[in-house]
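Peer 1: Below are the structure tokens for one structure; questions will follow.
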Amino acid sequence: MKLLIGDKNYSSWSMRPWLLLKHFGIPFDEMLIHLNEPGTKSAILAHAPTGPGKVPCLVDEDGSTTWDSLAIAETLSERFPQHALWPRDAAARSRARSVSAEMHSGFGDLRSNMWMNIRASFPGKNGTPGVLADIARIEAIWSQCLAAHGGPFLFGEFGIVDAMYAPVVMRFRTWQPALSDVSAAYVERVTALPAVKAWIDNALRETHAVPYLDDCP
């Protein structure tokens, strides 16, 4: 099983399934393809010709492919039921799916204005009204889930929903918006996870750059 990913410094979508595989000890081979290069799409399609030419993409031994972070997460949950990637409880699982899907399809202002760049530091920048509204909603989700399930992660133990929000944690570290104590503590717990620390360490060692993502006037 092979996971195609983009640069760890920038690729928020790649981070999500990679964390799940690493955290739960699921064996896989990593194929990193640099983003924003003339040959990026063709390099992805060379390994996953039936997909859209985007990362992440999971390629099985038989050549079948699964693309999109949430689709990969669902596939891993089905394939490795011994791991509680989703909560075991049906009601909790339904809510976890809902807030994961909300992350998957929403928060456009945050994505556009506070992009993921682990090596960068842009404190206090780009806090537009739309971004602040997205942050408020994310904080509400985190607070409600942590209160309902007792932590330390959103539904007790680390799972798909935490992986879906892990790139937001990276954004908050880079852009440093004001956060509640509850949110700040969750950011620290996610950052301290061995799989997350490994992703960050790898990102800091990367040398490939996407210049327009390294600049925030």
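The values are calculated or read from the model by the stated rules, or taken from the named source; none is laboratory data. Not measured: the values here are computed from a predicted model. Cβ atoms come from the backbone with ideal geometry, glycine included; neighbour counts cover every protein chain shown.
Peer 1: Which condition breaks for residue 109 when tested against (1) in a helix (DSSP H, G or I); (2) surrounded by 19 or more Cβ atoms within 10 Å (Cβ to Cβ)?
Peer 2: It fails just one condition, (2).
Peer 1: Check whether at least one residue in segment 187-202 is in contact with a Ser or Thr (Cβ under 8 Å, 6 or more places away or on another chain), surrounded by 16 or more Cβ atoms within 10 Å (Cβ to Cβ) and hydrophobic (A, V, I, L, M, F, W, C), and report yes or no.
Peer 2: Yes, some residue in segment 187-202 is in contact with a Ser or Thr (Cβ under 8 Å, 6 or more places away or on another chain), surrounded by 16 or more Cβ atoms within 10 Å (Cβ to Cβ) and hydrophobic (A, V, I, L, M, F, W, C).
Peer 1: Among the candidates 214, 181, single out the residue that is surrounded by fewer than 16 Cβ atoms within 10 Å (Cβ to Cβ), farther than 22 Å from residue 120 by Cβ and charged (D, E, K, R).
Peer 2: Answer to the check: 181.
Peer 1: Additional query: Pick from 39, 51: which is surrounded by fewer than 13 Cβ atoms within 10 Å (Cβ to Cβ) and either farther than 22 Å from residue 9 by Cα or not polar (S, T, N, Q) (or both)?
Peer 2: The unique qualifying residue is 39.
Peer 1: Okay, next question. Here is a list: 56, 87, 81. Which entry is out of contact with any helix residue (DSSP H, G or I) (no Cβ under 6 Å at 6 or more places or on another chain) and modelled with pLDDT of 95 or more?
Peer 2: After ruling out the rest, the residue left standing is 81.
Peer 1: Now for a different question. Taking into account only those residues within segment 22-36 that are touching an Asp or Glu at 6+ places or on another chain (Cβ under 9 Å) and free of Cβ contacts under 8 Å to residues at least 60 places away in the same chain, which is surrounded by the fewest Cβ atoms within 10 Å (Cβ to Cβ)?
Peer 2: So, considering only residues that are touching an Asp or Glu at 6+ places or on another chain (Cβ under 9 Å) and free of Cβ contacts under 8 Å to residues at least 60 places away in the same chain, the one surrounded by the fewest Cβ atoms within 10 Å (Cβ to Cβ) is 32.
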